[in-house]
Every structure is written in structure tokens, then in C-alpha cells.
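Throughout, read-outs are computed from the coordinates displayed, never taken from laboratory work. Treat the numbers as computed from the prediction; the structure is a model and nothing was measured.
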Amino acid sequence: MTTEHRNWAVVASAMEQQGATNSDMYRRARAMADGQTDPMPTSFPAAPFSISVV
């Protein structure tokens, strides 16, 4: 597990503890922590692909 994966896991866990699981930010944090692709890829034309850590 990389540092970035651990950081996303901390964010996801904190949001879960607060019951804040109904947002795009939570879905992104959970996906990234679980090693999935970034569900919110950038829309910047120079970087058309996901900025995922995977």
C-alpha cells in the first residue's frame, strides 16, 4: 500500500465515522483507498485520463 493509498483510506475512514458517505468526495476517497481507478477523472484537456494512483 502506497502513502497515497493510506492517505485516501484515512479520508474515507474519517468520512465514514462522521456518516458523510453520500458525496462524490467520499466515493472518490473509498475508490482510491481500495485501489480502484479514480471515479472523478480530470476534465483538463491536456490530461484526459484519470489522475488515479493506480
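Backbone geometry of the range 7-17 corresponds, through the Karplus equation with coefficients 6.51, -1.76 and 1.60 at θ = phi - 60°, to 3J(HN,Hα) couplings of 4, 5, 5, 5, 4, 4, 4, 4, 5, 5, 5 Hz, x marking Gly and Pro. With 0.36 nm allotted per residue and the present C-alpha distance subtracted, the SER13-ASP34 stretch has 6.4 nm of extension available.
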